[in-house]
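Please read the structure below before turning to the comments.
The values are calculated or read from the model by the stated rules, or taken from the named source; none is laboratory data. For clarity, every value in this text was computed on a predicted model and none was experimentally measured. A quick note on method: Cβ atoms are made from the backbone with ideal geometry, for glycine too, and the neighbour counts reach across all protein chains shown. Quick note on the areas: whole protein, heavy atoms, side chains included, nothing else; ligands and nucleic acids left out. Shrake-Rupley method; radii C 1.70, N 1.55, O 1.52, S 1.80 Å.
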Amino acid sequence: MKFSTKAIHTGQEPDERTGAVSVPIFQTSTYAHQGIGKNKGYDYSRAENPTRSALEKNFAALESATHAFVFASGLSAIDAVLRTLNAGDHVVAAADMYGGTYRLFNTILTRFKIEFSFVDMMSSDSIAKAVKPNTKMIYTETPSNPMMMLTDLRAVAAIGKKHNVLTVVDNTFATPYLQNPIALGFDACVHSTTKYLGGHSDLIGGAVMTSNAELAEKVKFIQYAVGAVPSPFECWLLLRSSRTLAVRMRQHCENAKELAEYLASHNKVKKVYYPGLASHPQHELAKAQMRDFGAMVSFDVGSLERAQKISESVHVITFGESLGGVESLLCHPATMTHGSVPKETREKLGITDGLLRLSVGIEDTEDLIEDLNRALGA
Ligand SMILES: *Cc1c(COP(=O)(O)O)cnc(C)c1O
């Protein structure tokens, strides 16, 4: 089965009892047992819930993985994968990634004696060099947030295999529609389903997909033992969203390409970061591991003052955090998503005070360009 068909049908078969084509929301915490040791596969909703099971089946299919586990947020999904490690283990992690992930690694997990080296994931060499005897995981994000740098997934998967180290990637920006890291050799991918998988800016959620049976068993146990699970209603929203993922992503990508080209040609924009532009240093790699280039476009307008003006002048585009919704969202990484990253580290990565990040929605591009044109001229 191809992608859209799986997204619409896997885990979303008509309800056996009633024929309902939309998976019912099983808003229940517990289940009647038929006797000691006898139940219908469900005993308590932290462990399993039928709406959640349907979603996990659907999500596994999207990444062609054997297992998927959903969580109450993207960060709780990431946390669950990292908690499969033990004190004393070392992780090679991307220097440029979602600020909240950096905060989780650097302020919480380090307290439990998990050790991190943050390296430039654009360089497979520096990744290989950072692997130590106690390295147990390579963790990356591609395209990265907000600099749109790419990790060579095939090369990093090979490094992981060679050193017997787990490879995990945050696939939130690309979505399973554009990029399938597990098919390229990665052990697992994580998603903030708050973004494109939800797609409507109306929920918080996360997911882990893997075809590594040993890792799957550990993540499932953590999901159950820690309990950061989404509600049945959130699972249902995601099942609904999955059905339109392919068409939304096609439109997101088409719009983003047009906007990236428009921004690149604007004389008040210093630099545009978008893997779909031929000027992107990793454009060829993007073509080799992604089916299209996604809809996140970062651009530098030169100063905090200019960024401030633009943030106050957009009308169609919403200025705010988050991404991946049908509506276009603009944010200022230095003060918003990456506020918790030290300024020195930010500047080194290119997250200047003049950098803006645009999550291109699926509105009509004429309206988006008109909005940006006015804001850039302000
Ligand atoms: C938003 C985001 C997260 C965190 O997800 P939450 O759902 O907000 O917990 C992690 N990674 C990336 C790339 C994100 O954009």
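Structure notes:
- Inter-label distance, S313 to A87: 5.5 nm, where each label sits 7 Å from its Cα along the C-beta direction.
- Taking a Cβ cut-off of under 12 Å around H191, the surrounding Lys, Arg, Asp and Glu residues balance to a net charge of -2, with basic ones at +1 and acidic ones at -1.
- Distant-in-sequence amide H partners of I114 (H built 1.01 Å from N, under 5 Å): G88
- Taking the square roots of five times each eigenvalue of the Cα gyration tensor of the chain, the equivalent ellipsoid has semi-axes of 34, 26, 18 Å, listed largest first.
- Per residue value of the accessible surface for the stretch 3-242 (all protein chains in place, 1.4 Å probe), Å²: 40
- Among the protein heavy atoms of the chain, carbon and sulfur supply 54% of the accessible surface, probe 1.4 Å, non-protein parts ignored.
- Compared with the dominant Cα axis of the chain, that is its longest principal axis, helix 153-163 is turned about 60°.
- Backbone geometry of the stretch 247-260 corresponds, through the Karplus equation with coefficients 6.51, -1.76 and 1.60 at θ = phi - 60°, to 3J(HN,Hα) couplings of 5, 5, 5, 4, 6, 4, 5, 4, 5, 5, 4, 5, 5, 4 Hz, x marking Gly and Pro.
- Taking 22 Å as the straight-line reach from the Cα of K161, the lysines in range (excluding those fewer than 8 positions away in the same chain) are K129, K132, K136, K218.
- The chain - share of DSSP beta bridges that are antiparallel (%, nearest 5): 55
- A Gaussian network model of the chain, with springs between Cα atoms under 10 Å, assigns the largest mean-square fluctuation among G37, G227, G198 to G37.
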